[in-house]
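Data first, discussion second: the structure below is written as structure tokens.
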């Protein structure tokens, strides 16, 4: 077997694509955590919900409508969760929060099973993204390039919002010291609410984007949860930079591990996680240095 | 006092008399996953099982009482449920088991308690090999059985160099292993093998790129369920079909989810012990009845449930109603079913059945369907270290 340049190009694109999908998921989770000190383990379940919303919408109104509306739908579910549960749990300790959101995973899992059944669903990507694009002599699926572009686009937009806008400054202030931010007249509660809903919406977007690539099954949220948690632990809690760095590390280690060291591919990322926890327990780019 | 006692005794006698006048009753413990990753399989097997009872148990004269329990695809839980069914509910026979892990966990209990178990899915080779039991009869398939004939068939078709991919767990290793062994024996060459972490792999891109770089003529894979859907869709999106045709174990393109794969599955050639398009009158009747009651075409899981019910009924018809006689009778059932002629191998208690090689093609109304390319003759598995007494002839 003689892998040539096109082989490595393809694997690099594969790694990027996986990274971007994980980025969409982890950025919401990490910013919610950084701002609210709240571990929302049900984030993965919201991702699955996004995929199911997209599958239903796509069969009635087409892919693009689904891609637009599914994240909004998940954001609405996020609103309901926030009002009904999260807000009350804000003052309880992390253990209670972890338990409640862990329980929420199973509630949402069973709800998806009741509404959509046990059989896996699928979405076909739109015709314009169905083919392959030639990159350095490699025919790479257009839909995967779309995911990479979308991930980079969302990253750029979030970076811009966080560093250049007033609400971005407020969020940064909140992450840094929420008591002080409240004293300065920032409505921290409203900020929490907005960030939580946007985070949920991004999880829904990740689900909708993943649906044509993967199969839509009730268990997909649980499967993605651990990679997402690994990403934010490696990257560092609460920061955009950490989320993108952690996602890229995960994507590349996972992809090239599978190629170069197939025997240990499945434990490589856990070894890296352990190393990060030992050497830099706060992660590579934590929000609070 | 004496009057009361007489009245009570008379009452008791009446109840006893009424009971013996009633038909005999067989308690069936249906042990399947109704939640967790294999819930769809559990539901399909139950649907097939109930349909089978409906079809075959007319004028049986024995009442069949079903008690269902959920294994949750968890070995420890499966064992607890099996104990409950046997010890508390007095099950005379257990039917079900989707996961090989659960089968491994309950094997010693079932064997020790001498309760007959009809395996309606789990395919691990050891269950009818070195860990076989006269109480465990398998009506579904063994992992090797489904794939060995495919190895020979592909070699006969002139395919010489193959790359394999599979989910890295016991069943995946046995499925791909069965194929590999037969393919190499028939003169083929395996140019490389990839194993993807089971239920942790969402993106098959890296593995597909590696298969492509191997320069093999064809790709043989084993995936099932959600992984099968993702795999086939991703295989297609990389345009692999043009350079490396896809073969596999038939679970890859099971009727249960082939329509979620859609056009991506077009042209994939696989082998399995059942296809809904199998051309025989039993299958036509089964498919019609299944469609009428469930509203979709049956898959191999449905037929496994259906045939399990039929095997149970045939065993009861020989006069068996208690655990010992049922176990003995189940080892000797044989019938013409939707899969063709089925019988049980007395040496291992595994089913002997023909294997279909089929191509998935587009059918009417955009639905995918199966075109049978070959029906390979039934053959018994090697005993694989299974030693047990022969059944007592009925």
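Observations, loosely collected:
- Inter-part distance where region A:1-65 and region A:220-265 are each reduced to a Cα centre, Å: 12
- Each principal axis of chain A carries a Cα extent, and these read 62, 47, 36 Å when sorted largest first.
- Extended-chain gain in nm, criterion 0.36 nm per residue less alpha-carbon gap, residue A:65 and residue A:8: 17.0 nm
- Förster radius 60 Å - calculated FRET efficiency between residue A:187 and residue B:67 (Cβ-Cβ, nearest 0.05): 0.55
- Overall shape of the protein assembly as shown was characterised from the C-alpha gyration tensor. The equivalent ellipsoid obtained from it has semi-axes of 48, 33, 21 Å, in decreasing order.
- Against the main long axis of the alpha-carbon atoms of chain B, helix B:225-237 sits at an angle near 20°.
- Two-site FRET efficiency, residue A:102 against residue A:76, from Cβ-Cβ distance with R₀ of 22 Å, rounded to 0.05: 0.45
- Antiparallel bridge percentage (DSSP; both residues within the protein assembly as shown; nearest 5): 35
- From most to least packed by mean Cβ count within 10 Å, the peptides A:216-223, A:25-32 give A:25-32, A:216-223.
- Percent of Cα pairs exceeding the 16 Å cut-off, where the set is region A:207-289: 57
- When both bridge partners sit in chain B, DSSP labels roughly 30% of those beta bridges antiparallel.
- Within 10 Å of the Cβ of each residue in A:213-222, the mean number of Cβ atoms contributed by other protein chains is 6.
- With neighbour counts taken as other beta-carbon atoms within 10 Å, the residues A:267, A:105 rank, fewest first, as A:267, A:105.
- Placing pseudo-labels 7 Å out from each Cα toward the beta carbon at residue B:184 and residue A:161 gives an inter-label distance of 5.5 nm.
- Remark: relative contact order (region B:144-272) = 26 percent; criterion is Cα-Cα distance under 8 angstrom and separation of 6 or more residues.
- B:301, A:140 arranged by Cβ crowding within 10 Å, fewest neighbours leading: A:140, B:301
- FRET E, pair residue A:132, residue B:59, Förster distance 41 Å, beta-carbon r, rounded to 0.05: 0.10
- Averaged over A:9-16, number of beta-carbon atoms from partner chains that fall within 10 Å: 3
- Volume per residue of the convex hull around the Cα atoms, evaluated for region A:139-278, comes out as 136 Å³.
- Distance between the 7 Å Cα→Cβ label points at residue B:293 and residue B:242: 4.8 nm.
- Order of A:135, A:249, A:186, A:232 - criterion: other Cβ atoms within 10 Å of each residue's Cβ, fewest first: A:135, A:186, A:249, A:232
- Scattering profile of region A:54-189 at q = 0.21 Å⁻¹ [log10 I(q)/I(0), Debye over alpha-carbon scatterers]: -1.28
- From the alpha carbon centroid of region A:83-141 to that of region B:174-203 is 31 Å.
- Most mobile of A:103, A:251, A:207 in a GNM of chain A (Cα contacts under 10 Å): A:103
- Degrees separating the helix A:63-81 axis from the principal Cα axis of chain A, which is the longest one: 30
- C-alpha long axis of helix A:166-176 to longest principal axis of chain A, angle in °: 80
- Cα shape, region B:18-107, gyration tensor, a/c 1.5 rule: oblate
- Centre separation in Å (Cα based) which lies between region B:220-277 and region B:313-391: 24
- In chain B, the ratio of gyration radius to Kirkwood radius, Rg to Rh, stands at 1.04 when only Cα atoms are counted.
- Partner chain coverage, peptide A:117-129 - average Cβ within 10 angstrom: 5
Taken together, the values in this text are just the output of simple stated rules run on the coordinates, not laboratory data. All figures in this text were calculated on a predicted structure; none of them were measured in a lab. In this analysis, Cβ positions are derived from the backbone assuming ideal geometry, glycine residues included, and neighbour counts consider all displayed protein chains.
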